[in-house]
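Q: Take a look at the following structure, please.
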Amino acid sequence: MLLEFRRWVVPPGHQVQLTEVTWEELECILEELGDRGNPRLSYSRGTLELMSPLPQHEDHKDILSHLVEILLEEADIEFRNLGSTTFKNEQMDQAVEPDACFYIEHKPEIRGKWRLDLTVDPPPDLAIEIDITARTRFNHYEALGVPELWRYNGSTLEINVLREGQYVASNQSLHFPDLPITEIISDYLERSRTTGRTALLRAFRRWVQEQIG
């Protein structure tokens, strides 16, 4: 498996799916990938998916992550952004690498930890997926118990909150309930196509300050 995997090339914008992958084989692949982060992977009960993102995907991920950081900073909320960290739970036979993820309420429980074990540590409070190269599968995040999942498809932001083990579409974010998150985030991500990054983030920060103030 390792020799074959080293020879694979997943072109940007493409996806590869493998079946009957054991947990031991998954661990070997993760060790081989190390911190390279490309291709990104998800795993559920023997099925492994590998995806290589497009530049558009990476741009949206970067901007959206910074917008969330601004929301949290201006609300004076402590957080930890763990980016595309691999989250896995052997007991649940699940592993996934979100585009971005944030520990918010549960940040104190993982403070100072460099390695997380979801059999004892909590999952991230908010996960973000950019659904341009491939569509996010809910089952990974539902199984791991991530309370809130955002999905952006290139034009629209969708918020999903976990209710009794399943995601339900919502107009409100659990973490920013008083703000029109779906509309404003989609608007600023669309603006990012024509507005410089620094100017965009500065404008968004001013908007958040006005709302909170």
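Q: Given (1) more than 14 Å from the chain's Cα centre (by Cα); (2) charged (D, E, K, R); (3) over 18 Å from Arg40 (Cα atoms); (4) modelled with pLDDT under 95, where does Glu142 come up short, assuming only one miss?
A: (1)
Q: Oh, and also: Among the residues of the stretch 168-196, which ones are loosely packed, with under 13 Cβ neighbours inside 10 Å and farther than 18 Å from Ser155 by Cα?
A: Correct list: Val168, Pro177, Asp178, Gly196.
Q: Answer yes or no as to whether Leu126 is out of contact with any Pro (no Cβ under 9 Å at 6 or more places or on another chain) and hydrophobic (A, V, I, L, M, F, W, C).
A: no
Q: Are any of the residues in the stretch 95-111 of a type in the set (A, V, I, L, M, F, W, C), modelled with pLDDT of 95 or more and in a loop (DSSP other than H, G, I, E, B)?
A: yes
Q: Looking at Ala95, Ala100 in this structure, which one is crowded, with 18+ Cβ neighbours inside 10 Å, within 20 Å of Ala143 (Cβ to Cβ) and in contact with a Phe, Trp or Tyr (Cβ under 6 Å, 6 or more places away or on another chain)?
A: Ala95
Q: Being more than 13 Å from Leu67 (Cα to Cα) and either touching a strand residue (DSSP E or B) at 6+ places or on another chain (Cβ under 9 Å) or at pLDDT 95 or above (or both) is true for just one of Ser186, Ser173. Which residue is that?
A: After ruling out the rest, the residue left standing is Ser173.
Q: On the basis of being touching a Lys or Arg at 6+ places or on another chain (Cβ under 7 Å) and among the acidic types (Asp, Glu), does Glu74 make the cut?
A: yes
Q: Tell me, yes or no, whether the stretch 171-188 has at least one residue that is on the phi > 0 side of the Ramachandran plot and part of a loop (DSSP other than H, G, I, E, B).
A: No, the stretch 171-188 contains no residue that is on the phi > 0 side of the Ramachandran plot and part of a loop (DSSP other than H, G, I, E, B).
Q: Further question on the same structure: Residue by residue through the stretch 159-170, note down the ones that are over 17 Å from Ser65 (Cβ atoms) and either under 19 Å from the mean Cα position of the chain (by Cα) or outside any loop (DSSP other than H, G, I, E, B) (or both).
A: The answer is Asn160, Val161, Leu162, Arg163, Gly165, Gln166, Tyr167, Val168, Ala169, Ser170.
Q: Among helices (runs of 4 or more DSSP H) lying entirely in the stretch 1-82, which contain 1 or more residues that are at pLDDT 75 or above and either surrounded by 14 or more Cβ atoms within 10 Å (Cβ to Cβ) or in contact with a Leu (Cβ under 6 Å, 6 or more places away or on another chain) (or both)?
A: Hits in the stretch 1-82: 23-33, 55-74.
Q: Exactly one condition in (1) touching a residue at least 24 places away in the same chain (Cβ under 8 Å); (2) within 24 Å of Glu78 (Cα to Cα); (3) polar (S, T, N, Q) is false for Thr198; which is it?
A: Just one mismatch for Thr198, condition (1).
The values are calculated or read from the model by the stated rules, or taken from the named source; none is laboratory data. Model, not experiment: these values are computed from the prediction. No Cβ is skipped: glycine too gets one built from the backbone with ideal geometry, and neighbour counts run over all protein chains shown.
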